[in-house]
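Worksheet: the structure to be examined is printed underneath.
The values are calculated or read from the model by the stated rules, or taken from the named source; none is laboratory data. Remember, predicted model here, so these are calculated numbers, not experimental data. Glycine gets a Cβ as well: all are built from the backbone with ideal geometry, and neighbour counts include every protein chain shown.
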Amino acid sequence: MPRLTAGARHRVAFTLNGKPVSLDAEPRLLATDALRQQLGATGTHVGCEHGACGACTIQIDGEPARACLTLAVQLEGRDVRTVEGLAPAADRLSVLQATFRRHHALQCGFCTAGILISLDAFLRTSPNPDEQELREVVGGHLCRCTGYTAIVAAALDAAATLRGEPASSVNRDPVHV
Amino acid sequence: MRPEAITWTGQSVERVEDAALLSGRGRFIDDLGVKPGTLHAAILRSPHAHADILSIDIAAAAAMPGVAAVVVGADLAKLTTPMLAGLKIAAENWPMAVERVRYVGEPVAIVVAMDRYLAEDALDAIEISYRTLPCVVEPLVSIAPDAPLLHEKTSGNLVSDRRFRYGDPESAFAEAAHQISVSIAYPRNTGSPMETFGVVAEYDPHEGVYDVLANFQGPFSIHAVLSRALKVPGNRLRLRMPPDSGGSFGVKQGVAPYIILMAVAARIAGRPVKWIEDRLEHLGAAVAATNRVTTLKAAVTSEGRITALDWDQVEDCGAYPRAPEPATLYRMHGNMTGAYDVRHVAIRNRVALTNKAPTGLVRGFGGPQVYYALERLMQRIAVELKLDPLAVIRANLIPGDAFPYRTASGALYDSGDYVRAIDLAAADGRLAALKRRRDEARAEGHLYGIGFAAAVEPSVSNMGYITTVLTAAERAKAGPKNGAQATATVAIDPVGSVSVHVASVPQGQGHRTVLAQVVADAFGLPWQDIRIVTELDTGRDAWSIASGNYSSRFAAAVAGTAHLAATRLRDKLARIAAGQLDVPAEQISFAGGAVFAKGVPEKTLPFGRVAALSHWSPALLPEGVDQAIRETAFWTPPELTAPTEFDEVNSSLCHGFIFDMAGVEVDPKSGKVRIDRYVTMHDCGTVLHPGMVHGQIRGGFAQALGATFYEELAYADDGAFLTGTFADYLLPTATETPDIEILHIETPSPFTPLGAKGVGEGNCMSTPVCLANAVADALGVSDITLPMTPGRVAALVAAEEPAPPANRSNRPAASTKAGDRTLRGEGQAKVAAPPEAIWTMLLDADQLAAIIPGCHGVKKLSDTHFTAEVTLGIGPVKGRYKAEIKLSDLDQPKAATLTGSVSGALGTGGGAGRITLTPGADGITTIAYTYEAAVGGKVAAIGGRLLDGAAKAIIGQFFAALARRAAPSRPGFFARLFGRRA
């Protein structure tokens, strides 16, 4: 990595959700601020700025990373994925997103982006997880609303659907009489 | 009037909110754009718990790049007045320190700059001179006559002392077979929403209007406090809320003081100003639940029947009694007897001020403090009278045929069947299984216990309950306060589609979905067709003081009011349709998107045609119908009356019921508590959306789990705040949060339009004490202090065990006192130089400058007095400090005492150490040292866990540098020789 001058702005170019983006960043600019304030990708949220809550988790070259502990200049040349890149189309939801909705796995939704990003990465490499493994993954995130039960249930359901098994009927109350 | 056909209400439909939140399209305050030219604020906060501000020098900060304004307390005092509080006392309630700081984290200055980075840079350049004052952090100490006084204009830190008497408690106690009591100290904790506070403020100097966007949650009684503090009429403080808010749990009431600060900053800067709170600011200074010291006594018969209760509560509201405090102490006033039929009650309520952050709304709001005492007492009654704990609870319950039930202190419990709820919870083998598991575990030598808790969960607060803190005479003078105005607007547009607005700003509860269900049922429409707006704009929307989202009032009050507004509009549409179809209005019905005459299938109109008529052909409106375009309903329950002259108060409209039972196993070595089973039975009246109700219960349980085992906003004895990160203030994660069994019965409230009651707060009240009762049962102990950290639980186990054998080293006495965080250490270093040479180095400014880690220069003020500038990094915080070092007790060249202090923007520290120099063989001197030190400010709040190691590392670096410098020719050898122990 080239040596950067503290006060100067440096051109940073990377791929965000499959599209090339670039911005001018001081070396101290956090990746969270670059994504949110400069690129308008506000779906990634900032909950603690010390790497504990996980709300800001993004994927860098497919690996989950805390954007609040990442400098914008570290994204140079990388492939970055955020919550805005999870759905197959603007008016659709991914399997994981849809199971979150079906299981009421979110309330305020502030922490949700980070959890989706971590689970998305995990389910790609571990398509057949058990509940404890999923609790460990979700355990890297703080959610203050749900008590986690519905999140873990949604993740289990999403994994089954992604494996091609029929969606579970858990929590699917009859919608209409 | 109830809906004719309930189609959607009560179904767990998928939430309308979720697609946007799941795909990154949420609209939280920091996701919204701001006007070009908006400036960004950062806040400098006090590192001291109690100190006079002698001077503030902002010149260097104001001259820094990008800085537009620096605002200090004197500027604030020119443009505003202190905030009103519920107590009529002489303490001035400023949102930023004016002349004196009273808690660590109190705002002292605001920098407004081009961006947040530049604003934070400038904070470091503000020079403040403090004179520290003695401080007090414990409420019982603070109300003692000789305690340091927080507010000079008051006569003491005890700012309210009220006694209440209902029935004849004295006689009941005199006649009682037994008197049983508990004493508890409930700790400080908080809701800690994942989104912190945010404010964007602007000032129009011509119209004199403050326009503020903030993720405030209500109650909007605070709007009156804010406009008064800003010295404008209410119509010149336009307060707006963003569409989404990232959780609140009561806490976002506390954004109010920052609304004042940013409004003033924007006025002074002449530009819009935006501020987003960071997590350290939030944990240290946003909103804490009150810590409370309670002694609760019961007069009890031999059968375990309680005849009287005697409460003594000392509430700690922190440094300022900020509105709506002391509401935490009074919210439960009507239901201080919980689920029990007790007619004789004495209550003494005192409010103390301490050098800690101000308190306010936190989920449970007064309930955790009350039920921890009450339900621990129930367990103690059973233990002391050798009765079954569940039998003691059952013997005292309000009977099912007694509702509506008026409590001794004035609450009117709307509905319930507590006995049936408990029986159903215990049924189907649930209680039997718990007992079996306990017996089996105990037979194998494990520590297993069962806990119970019964709680009445109040919702829809009476806006008048807070005035119970005043005497009847004071209330008469101030005028009666009561009620709980809720409001909702339902509107029909020219193509007949329906929109709804409510003055209740959600923070994730799913209001828009439930309102769509409720309103759709009124009109016989699909719920997906109804559009709901929940953000509030006080300059435009219908609202009142009770507006907002708190005291679990949504389902009971707000959804019910939306139903009323929709029903009114529906009744007008029925009259319009009756005219069109030529049938009586009573014959008109709404279903499936159609309006029709019952029993006459051919007399049917599309809903949209009837609904749009008021827009397109008002001349066709029937006699007596003005329009069917928009209805705004206000609803306040008549049961919520002002406190009586005897201090009886119906503090809440609805009273749900919870019964919890849990089985836990304690690991005696680690002190870890494993929750084996947890069953929670709820009666929240009519359930509007089962999925959301379960979400509320599980979320409340998880927060309660944190309060039970992990969470405490901890302060040191010197007022330093110790838990400023999520590594210190521990929220439960998915790996600690067990799944629970949720059960329901429904006794609809007769006082709410839909029969619903609040549900979200109950487990915050019942769960901590249920688990504490289980641990008490497992260990056979009487005193349980929250949070039950492994260290505390292990200490309880150890206290119960026989003394360990002498040859076994003691279990590390896990510090059960958060206040003691003195750093202590000792060590030694070997230096290849004679003592005299080392002694000379230690007294030489230039030599010291080279030896002290991170030193930028040392000034020698006298032979034994030095000052230095140093940069130190401790964990995540690296900062520049001014150090002052004095030498005393000199015994040249053998020993000296060093006393030092450091101060900087990131915190303060002080300590003392003794150094001895002992000559040895080969010209090697052994330097031995001992030290004691303490730190405060930001470093203490976020680096606490790292301080011990950091201190040792820095001292190690100092002696390593000394060794190198004293014998530069043999670094390798002495690097090897260098050793230390601590």
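Quick look at the values:
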| item | result |
| --- | --- |
| Verdict on B:H655 being of a type outside the set (D, E) and within 14 Å of another protein chain (Cβ to nearest Cβ) | no |
| Flag for B:G496 being within 30 Å of B:K598 (Cα to Cα) and outside any helix (DSSP H, G or I) | yes |
| Single match in B:T918, B:T899, B:T925, B:T840 (criterion: hydroxyl-bearing (S, T, Y) and within 48 Å of the chain's Cα centre (by Cα)) | B:T899 |
| Every pair of residues 6+ apart whose Cβ atoms lie under 9 Å, when the first sits in segment B:829-852 and is within 17 Å of B:I924 (Cβ to Cβ) while the second is assigned to a loop (DSSP other than H, G, I, E, B) and of a type in the set (S, T, Y) | B:A832/B:S969 |
| Output for segment A:106-119, where each listed residue is at the interface with chain B (Cβ under 9 Å from one of its Cβ atoms) and among the hydrophobic types (A, V, I, L, M, F, W, C) | A:L106, A:C108, A:F110, A:C111, A:A113, A:L116 |
| Condition broken by B:D717, with the remaining ones in (1) surrounded by fewer than 24 Cβ atoms within 10 Å (Cβ to Cβ); (2) assigned to a loop (DSSP other than H, G, I, E, B); (3) within 10 Å of chain A (Cβ to nearest Cβ) satisfied | (3) |
| Any hit, segment B:509-517, residues being polar (S, T, N, Q), more than 14 Å from chain A (Cβ to nearest Cβ) and crowded, with 24+ Cβ neighbours inside 10 Å | no |
| B:E712 at pLDDT 95 or above and either within 30 Å of B:H48 (Cα to Cα) or β-branched (V, I, T) (or both) | yes |
| Filter pass, B:P3 being at pLDDT below 95 and more than 10 Å from chain A (Cβ to nearest Cβ) | yes |
| Residue that is farther than 26 Å from B:S766 by Cβ and of a type in the set (A, V, I, L, M, F, W, C), where the choices are B:V456, B:V498 | B:V498 |
| Set B:L581, B:L605, B:L573: member being closer than 28 Å to B:A516 by Cβ and touching a residue at least 40 places away in the same chain (Cβ under 8 Å) | B:L573 |
| Selected residue (criterion: surrounded by the most Cβ atoms within 10 Å (Cβ to Cβ)) from residues of segment B:683-714 that are more than 14 Å from chain A (Cβ to nearest Cβ) and not in a loop (DSSP other than H, G, I, E, B) | B:G685 |
| Count - residues of segment B:499-526 that are farther than 21 Å from B:Q485 by Cβ and not in a helix (DSSP H, G or I) | 6 |
| Residues (more than 9 Å from chain A (Cβ to nearest Cβ), surrounded by 20 or more Cβ atoms within 10 Å (Cβ to Cβ) and of a type in the set (S, T, Y)) located in segment B:6-58 | B:T9, B:S46 |
| Strands (runs of 3 or more DSSP E) contained entirely in segment B:8-111, each with at least 3 residues that are of a type outside the set (V, I, T), in contact (Cβ under 8 Å) with a residue 40 or more places away in the chain and more than 24 Å from B:V136 (Cα to Cα) | B:39-45 |
| Residues of segment A:115-132 satisfying the condition of being part of a helix (DSSP H, G or I) and in contact with a helix residue (DSSP H, G or I) (Cβ under 8 Å, 6 or more places away or on another chain) | A:I115, A:L116, A:I117, A:S118, A:L119, A:D120, A:F122, A:L123, A:E131 |
| Test for A:A41: is it at the interface with chain B (Cβ under 9 Å from one of its Cβ atoms) and at pLDDT below 95 | no |
| Matching entry among B:L861, B:L906 (being surrounded by fewer than 15 Cβ atoms within 10 Å (Cβ to Cβ), of a type in the set (A, V, I, L, M, F, W, C) and at negative phi) | B:L861 |
| Residue within segment A:141-164 that is under 12 Å from the mean Cα position of the chain (by Cα), within 27 Å of B:D244 (Cβ to Cβ) and not charged (D, E, K, R) present | yes |
| Single condition B:V101 does not satisfy, out of (1) touching a His at 6+ places or on another chain (Cβ under 6 Å); (2) of a type outside the set (D, E, K, R); (3) at pLDDT below 95 | (3) |
| Selected residue (criterion: farthest from the other protein chains (Cβ to nearest Cβ)) from residues of segment B:183-203 that are crowded, with 22+ Cβ neighbours inside 10 Å and of a type in the set (A, V, I, L, M, F, W, C) | B:A201 |
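Let's see how each residue does on (1) modelled with pLDDT under 95; (2) of a type outside the set (S, T, N, Q); (3) closer than 30 Å to B:A662 by Cα:
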| residue | (1), (2), (3) |
| --- | --- |
| B:A454 | no, yes, yes |
| B:K481 | yes, yes, no |
| B:V490 | no, yes, no |
| B:S499 | no, no, no |
| B:L525 | no, yes, no |
| B:V533 | no, yes, no |
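Results for (1) aliphatic (A, V, I, L, M); (2) at pLDDT 95 or above; (3) more than 23 Å from B:I347 (Cβ to Cβ), shown as yes or no for each residue.
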site	(1), (2), (3)
B:R131	no, yes, yes
B:V136	yes, yes, yes
B:S142	no, yes, no
B:P145	no, no, yes
B:P148	no, yes, yes
B:L158	yes, yes, no
B:R162	no, yes, no
B:G167	no, yes, no
B:E170	no, yes, no
